[in-house]
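One structure is given here, and the rest of the page talks about it.
The values are calculated or read from the model by the stated rules, or taken from the named source; none is laboratory data. Computed from a predicted structure; not experimentally measured. When we count neighbours, we look across all protein chains shown, and the Cβ atoms used for this are built from the backbone with ideal geometry, even at glycine.
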Amino acid sequence: MTELTTTKADPVSVSRRTFIGGAAAVATVTLAPGITVVAYGSDGEDKLVKGARWGLLIDVNKCPQSCNACVTACSNEHGWEDTGNPLTDAQWIRKVDIKDMKTGLEQSLPVMCQHCETPPCADVCPTGASFRRGDGIVLVDKHLCIGCRYCMMACPYQARSFIHEPLTGQKPYSPRGKGTVESCTLCVHRVDVGRIPACVEACDGTGNGAMIFGNMNDPESEIAKRIAQYPSTQIRADLGLDPGVRYTNL
Amino acid sequence: MNIGLASFGWVTLLVVGLLILLPADFAAAQSTPPNSSPFVLGVPKPIIPQAAKGLQCIAPTDFMRKNHMKLLSHDRDKTVKLGDREIKASLKDCVACHVVNGADNQPVTYEDPKYFCRVCHDYVAVKVDCFECHASVPGITMKGGLNQKSSEAEALAAYVLGDDKKLKPDKPDKAELKP
């Protein structure tokens, strides 16, 4: 029986996922010389931050409608772009403008993969390509993705994109290719080396400071303190998916 | 019986073929460059480019030639699932070291037949799918990826490339991306 990397005290651990076996350490069985079965178990060989649940806290009041810095930064970081074909262009993060019709209040907020604790994309994936890492980041293993796009239909946030055309000029740390589904990785290549996602860095760069990234399970982290102190909401919290992206003043 | 005869026929053909091929190949290898001899049949033997650093690979050459694909496919899951960014055999490191420069003194991509992987893979007619998704030329391989605004990255790029143009995004920034 395998166990997720999250500790027992972790308030957001998932028993079913723990039962099935999460993405934790690796166990290998050699059947014959040269033939090895690799299974992901729980022996702590992973390089994930123990017990972490990475997340974002976005203050909608600090996010001006005119600002697009997070979207531009993501596009530059990962190499996706608007080619004028909205039906097929990849889009990892978008600014959504909302208006309260009764009060006339207009707000603008960035929406990307919400990194659910119970991601429906991973539930419907027939190959196991769509998965939730032990530290809460939801990813696509593109070596396993067959491009069926079930996950795109399952995602209530329309966070995922399918790559229709051959690509060139990918970034070395962000492989992307035709026939696979992709979405926000929470800049996992940065997180793994202790840096913050490109969107958060760009938001800080504008001086708006609307986005905070951090480990929500670490009581000492800024994000954990904020969500413990002030009210925050999840988009479509009624679905019970427990997204790792939270919004304040929404 | 028929099958036996047929097999015998094929074996004979093969032996005769080899007898014809061998002297020509031998002669070509001994005296003249591979392409100039009219007797050479098939594709010339690949001339494998030296790695940029010219150092020892992560394992002896004989081992790497036979096993590079196994090393890559085993360790890739460690990065994707376990967050291990410092695996010994990473495609990113292969690409960074096995650079072949083109006429413009810039690294050539997989599109170019001179590309390191293609030299052998074209010879044996085995298609490489890696570069449909992965970058085939090295980026500014800083820890944790490219930070376009970092002066450290700019300095590194200027040092490595002698030119900081490579550091800029491939396409101009889009001010407007529709929601």
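Each row is one residue, and each column tells you yes or no for (1) of a type in the set (A, V, I, L, M, F, W, C); (2) touching a residue at least 12 places away in the same chain (Cβ under 8 Å); (3) touching a helix residue (DSSP H, G or I) at 6+ places or on another chain (Cβ under 6 Å).
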| site | (1), (2), (3) |
| --- | --- |
| A:Lys178 | no, yes, no |
| A:Thr185 | no, yes, no |
| A:Val191 | yes, yes, no |
| A:Arg195 | no, no, no |
| A:Gly207 | no, no, no |
| A:Phe213 | yes, yes, yes |
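Matching residues to (1) more than 10 Å from chain A (Cβ to nearest Cβ); (2) of a type outside the set (Lys, Arg); (3) more than 24 Å from A:Val188 (Cβ to Cβ); (4) surrounded by 19 or more Cβ atoms within 10 Å (Cβ to Cβ):
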| position | (1), (2), (3), (4) |
| --- | --- |
| B:Ala52 | yes, yes, yes, no |
| B:Cys57 | yes, yes, yes, no |
| B:Lys66 | yes, no, yes, no |
| B:Tyr110 | no, yes, yes, yes |
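Just one of the numbered conditions (1) under 22 Å from A:Phe162 (Cα atoms); (2) assigned to a loop (DSSP other than H, G, I, E, B) is not true of A:Glu117: (1). Screening A:Ile93 on (1) away from every other protein chain (no Cβ under 14 Å); (2) crowded, with 23+ Cβ neighbours inside 10 Å shows it passes everything except condition (1).
Any idea how many residues of the range A:147-197 are part of a helix (DSSP H, G or I) and farther than 22 Å from B:Leu91 by Cβ? Explain how you work it out, then say what you get.
Kept after step one, since they are part of a helix (DSSP H, G or I), are these residues of the range A:147-197: A:150-154, A:188-191.
From what's left, farther than 22 Å from B:Leu91 by Cβ: A:150-154.
Going through the range A:147-197 one residue at a time, the tally reaches 5.
What are the residues in the range A:166-176 that are closer than 22 Å to A:Met112 by Cβ and either surrounded by fewer than 19 Cβ atoms within 10 Å (Cβ to Cβ) or away from chain B (no Cβ under 11 Å) (or both), if any? Scanning the range A:166-176 gives a single hit, A:Leu167.
Restricting attention to the range A:46-82, the residues that are more than 9 Å from chain B (Cβ to nearest Cβ), part of a loop (DSSP other than H, G, I, E, B) and not charged (D, E, K, R) total 8.
Would it be correct to say that B:Gly42 is within 14 Å of chain A (Cβ to nearest Cβ), at pLDDT below 90 and at positive phi? Judged against the criteria, B:Gly42 is not a match. Given the criteria buried (at least 19 other Cβ atoms within 10 Å of the Cβ), part of a loop (DSSP other than H, G, I, E, B) and not charged (D, E, K, R), does B:Ala89 qualify? In short, yes. Taking the criterion of being hydrophobic (A, V, I, L, M, F, W, C), modelled with pLDDT under 95 and in contact with a Gly (Cβ under 6 Å, 6 or more places away or on another chain), the only residue of the range A:35-89 that qualifies is A:Leu48. Filtering the range B:38-50 to residues that are surrounded by 12 or more Cβ atoms within 10 Å (Cβ to Cβ) and of a type in the set (Val, Ile, Thr) leaves B:Val40, B:Ile48.
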